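Below is one structure, written out as structure tokens; the observations come after it.
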Amino acid sequence: MRAWRTAVAVSVLSVALAGCGSGDTPGTSSGQSAAPAGPWTFTDGSGQVVKADKTPTRIIAHAGEAAALMSFGIKPVGIYADESVKTDPNLKNLDLTGIEILGEEWGKIDVEKAASLRPDLIVADWWPAEKAHSGLEEGVDEKSKKLAELAPVAGATQGKSILELANGYETLAKSLGAKVDDPKFAANKTRFDASVATFKQAVAAKPGLTVLAMSPADDKIYVANPEYAPELLDLQSFGLKVMNPDSPDKAFPYWENLSWENSDKYQPDLILWDGRAFKPDSNAEWGKKQPTWFKIKAAKENAVVAWPAYWMHTYGDFATELDKLTTAVKSANENIGS
Amino acid sequence: MTVTTIAPRRAAALVPGLAVLGAVLAVVAFLSVTQGSRDIGLSEVLRALGGLGDDGSTNSTVTLELRVPRTLLGILVGAALGVAGAVLQGVTRNPLADAGIMGVNSGAAVFVVFAITVLGVRGAGVYVWFAFAGAIAALVLVYAVASLGREGATPIKLALAGAAVTAGLGSMTTGIVMTNVDALNELRFWQVGSLAGRYAPILTGVAPFLIAGLVASLAFGRSLNGLALGEDVARGLGQRVGLTRAAAFGVVAVLAGASTAACGPIVFVGLVVPHVARFLCGPDYRWILPYSMLLAPIVLLVADVVGRLVVTPDELQVGVVLGLLGAPVFVGIVRFGRMSEA
């Protein structure tokens, strides 16, 4: 009885929500012209098969996922980001005109505005560790979670590889009607393949080179655990020796935390510095304010390069970042840390 | 007639007591320099200290540039918080008063956030001064609000004004950091009290204020004793109550402001230590103040050393350790000790 009443309440609510948006013109803002009629299916990162009678055209996407779709010419009607779209590394170079911004802070999505866009698909990464899609995880605003009630949620799976993630969005874009083999879209992938080849070559030329991904903070140093950083796992698979910290934090295994007294616990030949905080003069600045930062020999020798930490979703971005890493590897001295 | 009389026998025990506490503090300080999240042999520590020059080895740098300033800062900040708590409890006649309740932490935080968002400044060395100014501004504001009205800054009005200002400034800080992730990230350094990441520049920056404040605070023993008897009695004894209160607040502002600026909000030391001191030496503030001054840094340094040893190669912030250890201790004092009214 009670369940039945809830069901009525939900259906009344969804009618009401649908009514809210009825004044809008039908979806024309999504970029693809030749969307197949459907029915449409896609296997989500969670393993669930998402189905719809018609191929979705009015898509709301999380920041990086939106960038991935746009790299195949599919323009979402709405985007929610975890920070300002002007600084989000996925979005800052994209033309977002005509796209509604539904959130610029982690955990906060304007679901009312989202409902008015009448989406027929929400695109968000699947996080296997958290068993949730981006923006709908544990800890976000309860109201934000209602986004999932507006339309089916689908995305590629996060966790082990940026390459797989980019692949997943290529598959999704294709299912939504993108001509992924069109040279103007495929160019990114070609560029990426070339970047990987030169990167592998540079790494192979320095067999002794070890790198460590780090994020120094005022009261301690965070050392990244590649197991939880997909791009670092990719770099390892390309042959780069990214060091694995031996005792990652048990509660938050993304990092091993080192006190500043233990800054020199690891001695890599090259430091990958968390790109979210890295600036050209960061190394000199930290050497000045932290007495033990230069006890890491690579830091003392200024062997540091930005690490594109936890954000990439596209072949294009990965290619651009790989090229920078290739340059750093080429000029690195593989005997600094030993 | 003096305001309070002390049995001669009691005073005879209290003087050596101070010497014992001084010795304990010396031992704890030694531990703080020799123990930590990095394993350094005693001989190496002693060599670094004896040479008094950084020979370039990591162990020597850690000893001289990390642990020594950290320990000195712990001693000064601990002493300052203990004394500030004792003075505040005396002057407000509120056994639960401490600097946090008087708006110090919220004032420091809001000024740091203001510096980040509006002035665009960066760096722990600069924030210290904004935090200091903010802490003092908050205390002045609390005192000014409480002074409105005919009877002046009475204990109850101080408590209410402190709570109100803390809430008001706190919501301002929250409002700003909600919309500015940058400010939130930078503020994180200040949200939990810690002695980590504070080096010689911060120590030498705040030390003059802390030392001056500590010396000045010792002059308040007698007048706090008078206030403890109630305002009317204090006035009857010839004390200028308003002046005493204002001066005491000034000293607390300098002590708590400089401490919070350097280390962030450190809880429990200022609240609990004066009670322990009162338990040891009775109600005479001429003893409570010096006892608090020695007991508090002992507590702070022990908590810090514990935090540095339990999760190596990481460290726990001293604020977290104090929260974990301090809560049960405080409950114990309230439940089993005779918690005399301030």
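Among the numbered conditions (1) out of contact with any helix residue (DSSP H, G or I) (no Cβ under 7 Å at 6 or more places or on another chain); (2) closer than 25 Å to residue B:283 by Cα; (3) at pLDDT below 90, the only one that residue B:155 does not meet is (1).
Listed conditions (1) in contact with a strand residue (DSSP E or B) (Cβ under 7 Å, 6 or more places away or on another chain); (2) of a type outside the set (D, E, K, R); (3) touching a residue at least 60 places away in the same chain (Cβ under 8 Å); (4) surrounded by fewer than 23 Cβ atoms within 10 Å (Cβ to Cβ) are all met by residue A:56, apart from (4). If you go through the stretch A:297-332 and keep only what is more than 17 Å from residue A:273 (Cβ to Cβ) and assigned to a loop (DSSP other than H, G, I, E, B), you end up with A:313, A:314.
Every residue, every condition in (1) within 14 Å of chain A (Cβ to nearest Cβ); (2) under 13 Å from the mean Cα position of the chain (by Cα), yes or no:
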| site | (1), (2) |
| --- | --- |
| B:60 | yes, no |
| B:72 | no, no |
| B:86 | no, yes |
| B:96 | no, no |
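When residues in the stretch B:102-128 are screened for being assigned to a helix (DSSP H, G or I) and under 18 Å from residue B:268 (Cβ atoms), 5 of them pass.
Considering every residue within the stretch A:120-139, establish whether at least one is under 13 Å from the mean Cα position of the chain (by Cα) and among the charged types (D, E, K, R).
We begin by selecting, within the stretch A:120-139, every residue under 13 Å from the mean Cα position of the chain (by Cα); these are A:123-127, A:133-135.
Those left that are additionally among the charged types (D, E, K, R): A:125.
Yes, that holds for at least one residue.
Set side by side, the residues B:174, B:166, B:204 differ, and just one is in contact with a helix residue (DSSP H, G or I) (Cβ under 6 Å, 6 or more places away or on another chain), in a helix (DSSP H, G or I) and either surrounded by fewer than 19 Cβ atoms within 10 Å (Cβ to Cβ) or among the β-branched types (Val, Ile, Thr) (or both), which is B:166.
Answer with yes or no whether residue A:149 is closer than 22 Å to residue A:54 by Cβ and not assigned by TED's automatic domain parsing to the domain that holds residue A:311. Yes: the conditions hold for residue A:149. For the stretch B:290-315, the set of residues classified as surrounded by fewer than 22 Cβ atoms within 10 Å (Cβ to Cβ) and not β-branched (Val, Ile, Thr) consists of B:309, B:313, B:314, listed by residue number.
Among the residues of the stretch A:174-227, the one identified as at pLDDT 95 or above, charged (D, E, K, R) and in a loop (DSSP other than H, G, I, E, B) is A:206. Residues considered: A:211, A:203. Of these, the only one that is more than 14 Å from chain B (Cβ to nearest Cβ), crowded, with 16+ Cβ neighbours inside 10 Å and farther than 30 Å from residue B:312 by Cα is A:203.
Considering only residues of the stretch B:122-159 that are within 14 Å of chain A (Cβ to nearest Cβ) and free of Cβ contacts under 8 Å to residues at least 60 places away in the same chain, which is surrounded by the most Cβ atoms within 10 Å (Cβ to Cβ)? Walk me through how you get there before you give the answer.
To start, the set of residues in the stretch B:122-159 that are within 14 Å of chain A (Cβ to nearest Cβ) comprises B:122-128, B:131.
Filter again for free of Cβ contacts under 8 Å to residues at least 60 places away in the same chain, leaving B:123, B:126.
Numbers: B:123: 12, B:126: 14.
My answer is B:126.
Among the conditions (1) touching a residue at least 24 places away in the same chain (Cβ under 8 Å); (2) surrounded by fewer than 24 Cβ atoms within 10 Å (Cβ to Cβ); (3) away from chain A (no Cβ under 11 Å), residue B:104 misses just one, which is (2). When the residues of the stretch A:69-93 are filtered to those that are in a loop (DSSP other than H, G, I, E, B) and of a type in the set (Gly, Ala, Ser), the one that is surrounded by the most Cβ atoms within 10 Å (Cβ to Cβ) is A:71.
Only residues that are closer than 27 Å to residue A:323 by Cβ and modelled with pLDDT under 95 were counted across the stretch A:232-254, and they come to 1.
The values are calculated or read from the model by the stated rules, or taken from the named source; none is laboratory data. These numbers come from a predicted model, not from an experiment. Don't worry about glycine lacking a Cβ; one is built from the backbone with ideal geometry, like all the others, and counts go over all protein chains shown.
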